[in-house]
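Notes to accompany the following structure.
Read-outs: derived from the displayed coordinates by stated rules, not from any lab. In this text, all values refer to a predicted model and were calculated from it rather than measured experimentally. When we count neighbours, we look across all protein chains shown, and the Cβ atoms used for this are built from the backbone with ideal geometry, even at glycine.
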Amino acid sequence: MHRLEVPAPHAPPFAIGTFDALGPLSRAEFPHRHTFYELVHVTGGSGAHVVDSARWPLRPPHLGVIAPGQVHQWADVRGLTGHVVLFTDDFLLDHPADRELLRRLSERPWLHLDASADAGVRRLVADLEEEYRRGGDGTESVLRALVHVLVVRAGRLLGSSPPTPIGAVAAEFVRLAGRPGRGPWSVSEHAERLGVTPGHLTEAVKAATGRTAAQLLREARTREAQRFLLRTDLTVRQVATRVGFADPAYFCRFFRRETGLSPGDFRRGGEKHHD
């Protein structure tokens, strides 16, 4: 399981570079998983890319999308060229709806690009790389915006074909859990809203996503708290209330367990980076 390494403690959870610049792990020929998203723009090479046991031959240009937890590897590759864009789930704080789009893209993770689409991806990737290397005031905001545009345009390449079905109940739960806003934050409340039992909802979500409904809700709750801490002047107590905690101390324990930081440390880290 690979984690994203950043060059400085308060650097944004993002990286971009060519296969050569990012090193051998960017084209690893052994099965591995990430805790982050990986967008791959392949401009040359032969061989195949294997994602969740499905083998995708290289006939560049391609755009590949690998979501956190997916198993992938490169097979018999020669002359691989192109760029890799890496970012964590936290990088999507400004555009939470992109998570659902990335989930759909990860179900069809290997897109062939025609000349027009390839030119558009090349321009966006060049802009991302230039901004990343230049740095300075506002860089993180620009990177987030460019990634959002890249994800949206990649979604358009899916066309009108429907995504792989994951079950109506599970799909609706994932949609509701991924929305920004106030809860509900419990599995039972979601089950009541969807008209099923908590047990049925748990089984449906686990079968469809490989993760528990409670785990997805904890992650959604954490993301919502992070948004409030970074984007508002609400006190920690007020943030706790907004994400459904009556006890601020319990919220602080929950947040530290999920992120490794206290709410105050998380907010101060974000402020330092934006200064």
Quick one: which residues, 5+ away or cross-chain, put their amide H under 5 Å from the amide H of Val77? H built at 1.01 Å from N.
Ala48
Students often check this: by mean Cβ neighbours within 10 Å, which of 216-225, 128-137 ranks highest, and how do the rest follow?
216-225, 128-137
Give me a comma-separated list of calculated 3J(HN,Hα) values for region 125-133, in order, Karplus coefficients 6.51, -1.76, 1.60 applied at θ = phi - 60°, integers in Hz, x for any Gly or Pro.
5, 4, 5, 4, 5, 4, 5, 4, 6
May I ask for the Kirkwood hydrodynamic radius of the chain, worked out over all distinct Cα pairs and given in angstroms to one decimal?
20.0 Å
Using mean Cβ contacts within 10 Å as the protection proxy, how do 257-267, 234-244 order, highest first?
234-244, 257-267
Would you pull out the residues with amide H under 5 Å of His32's amide H, same chain only if 5 or more places away, H placed 1.01 Å from N?
His72
For region 31-39, in order, what is each residue's ³J(HN,Hα) by Karplus, 6.51 cos²θ - 1.76 cosθ + 1.60 with θ = phi - 60°, in whole Hz (x at glycine and Pro)?
x, 7, 10, 10, 9, 9, 7, 10, 9
Per-residue [θ]222 nm for the chain (sum of -39500 (n - 2.57) over DSSP H runs n ≥ 4, rounded to 500)
-15000 deg cm²/dmol
Can you give me the Cα centroid spacing of region 82-122 and region 221-250 in angstrom?
29 Å
First select every other residue whose beta carbon is under 14 angstrom from the beta carbon of Leu113; then total the charges, Lys and Arg +1, Asp and Glu -1.
+4
Pull up all non-local amide H partners of Trp56: gap of 5 or more, or a different chain, and H-to-H distance under 5 Å with H placed in the peptide plane.
His49, Val50, Val51
